[in-house]
1. Can you give the net charge of the other residues whose Cβ lies under 11 Å from the Cβ of Arg47, counting K and R as +1 and D and E as -1?
2. Once label points are set 7 Å from the Cα along Cα→Cβ at both Ala10 and Glu63, what is their separation, rounded to one decimal in nm?
3. Need one number: the % of Cα-Cα pairs in the range 5-68 sitting beyond the 16 Å mark.
4. Using only the Cα atoms of the chain, what do you get for the radius of gyration and for Dmax, in Å?
5. Residues of the range 1-44 with amide nitrogen under 17 Å from the 7 Å Cα-to-Cβ point of Glu75?
Amino acid sequence: MRRDVFQAIADPTRRAIIALIAMQAMTPNAIAKNFDISRQAVSKHLRILSECELIKQEQQGREIYYQLEVEKMKEIDQWLEQFRKIWENRFSQLDDLLLTIKNKKDEK
């Protein structure tokens, strides 16, 4: 089943997992130590993130390490960029309006 990437990152625990493994690859046990939830719950979150291709697994000996899939995160950032531009434009317009109002008050 293909999951929606935005549903995956909507969960605060999954966002925290992404933040953890963004710095370095980690085993499921190392990840679980950072949360007050069961190891099984962490595994479920990892499975969802893997299904969305936000993280990937790498076998090293007997251990499995999870690491961030940077290219998928770039896709999310590119999608968000359109909204970032809209809001930056709106804030710029608000700044201009506030400056105009201030200048009119100063003239009085």
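What follows is calculated from the coordinates using simple rules that are stated; it is not laboratory data. On a predicted model such as this, the values are computed, not experimentally measured, just so you know. As a convention, Cβ positions derive from the backbone with ideal geometry for all residues, glycine included, and neighbour counts pool all protein chains shown.
1. Summing Lys/Arg as +1 and Asp/Glu as -1 gives +2.
2. 3.5
3. Every Cα pair in the range 5-68 considered, those over 16 Å come to 36 percent.
4. For the chain, the Cα radius of gyration and maximum Cα-Cα distance read 21.0, 76 Å.
5. Flagged as within label range: 1-10.
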